Every structure is written in C-alpha cells, then in structure tokens.
Amino acid sequence: KAGVTQTPRYLIKTRGQQVTLSCSPISGHRSVSWYQQTPGQGLQFLFEYFSETQRNKGNFPGRFSGRQFSNSRSEMNVSTLELGDSALYLCASSPAPGSYGYTFGSGTRLTVV
Amino acid sequence: EDQVTQSPEALRLQEGESSSLNCSYTVSGLRGLFWYRQDPGKGPEFLFTLYSAGEEKEKERLKATLTKKESFLHITAPKPEDSATYLCAVQATGTYKYIFGTGTRLKVLA
C-alpha cells in the first residue's frame with residue numbers, strides 16, 4: 001500500500017518567487033492536512049482539506065494557499081517567498097476529518113535564499 | 001489558548017534504562033491526544049491515540065498514558081533503534097486541527 005507521496009523532496013527558491021508543493025494521499029484517504037515544521041516552532045498547522053473544501057486554516061498569511069482536487073490530491077502554494085519560509089512542509093492524510101492518526105509524507109524541504 | 005508542552009527537550013539513555021517523556025496540555029476540550037515518532041529526514045509516524053483520562057495504550061516497549069492535564073510516554077528497556085524525536089499533539093473539540101508540542105529528542109546509547 002503506497003504511503004503519502006510529496007513532491008518534490010527538496011527545493012531551493014529565491015526570495016520573491018513562488019512555489020507549489022504537491023501531495024498525493026493514501027488511496028481512499030479523503031482528508032489532507034498541511035503543516036510547516038521549523039526547528040524553533042515545531043509543527044504548525046497550515047490548512048486542512050476534505051472533499052475539495054478547505055475546512056480549517058491556521059494562522060499563516062494569505063501568501064500561503066492550497067487546494068484539493070477531486071482525486072484527493074492536494075497542492076499548496078506560497079507566493080512572494082521570504083527567508084523565513086524556509087522549512088520542512090509536511091502533508092498528512094487520513095480517511096476523513098476526525099480523531100484518526102495522520103499518515104505523514106516525508107515532506108518537502110524548502111530553502112529560500 | 002490551546003497549548004502543548006513537552007519535556008524534557010532532549011534525553012540520553014543507556015540501552016535498557018527505562019524512562020518517561022511528558023506531554024502537558026491546555027485545551028478547552030480534548031477530542032484526542034496523539035503520540036508520533038519522527039526520525040531524521042522523515043515525516044512523523046503515528047504511534048497512539050488516547051481519548052480520555054485513565055486510558056492506556058501499549059506497543060512493544062512503549063506505553064502511553066493520559067490524565068486530565070498530561071500524558072506520559074513510558075519507554076521500557078529501550079534499544080538504540082528507539083532513538084528518535086517523539087511528538088505529542090492534541091486535537092480540541094470543535095476542530096480537527098492538531099496542536100503539536102516541540103518534541104523530545106531521545107538518544108539511546110548501546
């Protein structure tokens with residue numbers, strides 16, 4: 001059974017550019033959540049999608065956005081990148097919203113220079 | 001404000017030396033408390049979910065317990081392969097988002 005797949009694994013971008021990260025959840029999982037992980041802040045919730053609808057959003061600026069497609073795959077976009085956006089971006093899937101344990105992907109390591 | 005605090009930040013144990021990791025939480029209403037393990041360069045791996053005070057879950061050398069204010073992850077006779085960062089997260093009622101602690105970095109020496 002394939003796990004959560006995130007692409008790309010590593011990314012280097014320049015300040016001011018934009019970036020799109022992709023996440024394919026486990027087959028049958030319809031809920032996808034995104035987290036930012038940094039050494040100082042730990043895992044911070046970005047947003048959650050279910051059935052193509054954003055159900056929850058964390059305290060991040062509007063430069064961070066996302067979407068979910070009908071096949072449950074999800075993308076997140078960060079526009080006008082800042083140095084502080086350098087982080088590990090983790091995608092997690094679960095069968096549906098609820099008290100399920102997430103299955104996380106290995107993440108996309110974004111470095112902004 | 002909902003909050004999760006984990007202690008200690010880092011822990012070094014000799015192989016076979018049992019210990020406990022702590023997760024203290026403040027949440028308006030608890031839907032669930034979760035433990036994850038994270039290895040370097042990888043995403044967190046789900047370990048346990050606890051829902052109510054007094055509940056316990058076990059898996060191999062790990063045992064998680066829950067009270068109304070905190071959770072403990074007990075590690076019995078650890079092995080070097082148990083070395084990882086252990087993360088605690090809570091899910092508050094009325095929302096499905098998780099609030100994570102910053103983790104405990106565990107190193108088990110052979």
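A few points about this structure:
- Length-normalised contact order for chain A - Cα pairs under 8 Å, 6+ apart - percent: 37 percent
- Loop-resident sites, the stretch B:2-43, for GluC sites (Glu not before Pro), counting at most 11 other Cβ within 10 Å (DSSP): B:Glu9
- Shape descriptor for the stretch B:46-93: Rg over Rh equals 0.97 (Cα atoms; Rh from the Kirkwood inverse mean 1/r).
- Under a Gaussian network description of chain A, with springs only between Cα atoms under 10 Å, the residue in A:Ser22, A:Ser79, A:Ser70 that fluctuates furthest is A:Ser70.
- DSSP bridge pairs, chain A: antiparallel proportion in percent, nearest 5: 90 percent
- Antiparallel bridges, percent of DSSP beta bridges restricted to chain B (to nearest 5): 90 percent
- Three principal axis lengths of chain B [C-alpha, angstrom, descending]: 44, 30, 20
- Annotation: average projected area of the protein assembly as shown is 12.1 square nanometres, based on the convex hull of Cα atoms across all directions.
- Summarising the label geometry, the points placed 7 Å from Cα in the beta-carbon direction at A:Tyr10 and B:Glu55 lie 4.0 nm from one another.
- For the stretch B:50-96, a decrease in accessible area of 10 Å² or greater in the assembled protein chains relative to the isolated chain, with a 1.4 Å probe, applies to B:Tyr51, B:Leu87, B:Gln91, B:Thr95, B:Tyr96.
- For B:Lys97, a cut-off of 16 angstrom between C-alpha atoms picks up these aspartates and glutamates, skipping any fewer than 8 places away in its own chain: A:Glu48, B:Glu1, B:Asp2.
- Label-zone membership for the stretch A:7-30, site A:Arg63, 7 angstrom Cα→C-beta point, backbone N under 14 Å: A:13-20
- A simple charge model with +1 on the Cβ of Lys and Arg, -1 on the Cβ of Asp and Glu and nothing else charged puts the dipole of the stretch A:22-75 at about 60 debye relative to its Cα centre.
- Placing +1 on the Cβ of every Lys and Arg and -1 on the Cβ of every Asp and Glu, with nothing else charged, gives chain B a dipole about its Cα centre of roughly 100 debye.
- Length-normalised contact order for chain B - Cα pairs under 8 Å, 6+ apart - percent: 37 percent
- Among A:Tyr89, A:Tyr100, A:Tyr49, residue whose mean-square fluctuation peaks in a GNM of chain A (springs only between Cα atoms under 10 Å): A:Tyr100
- With N counted as the residues of chain A, its alpha-carbon radius of gyration over 2.2 N^0.38 Å works out to 0.99.
- Ranking B:Thr26, B:Thr95 by solvent-accessible area of protein heavy atoms (1.4 Å probe, all protein chains present), from largest to smallest, gives B:Thr26, B:Thr95.
The values are calculated or read from the model by the stated rules, or taken from the named source; none is laboratory data. Computed from a predicted structure; not experimentally measured. Note that each Cβ is placed from the backbone with ideal geometry, even for glycine, and that neighbours are counted across all protein chains shown. In case anyone asks, the SASA skips ligands and DNA or RNA and just uses the protein heavy atoms, side chains included. Shrake-Rupley method; radii C 1.70, N 1.55, O 1.52, S 1.80 Å.
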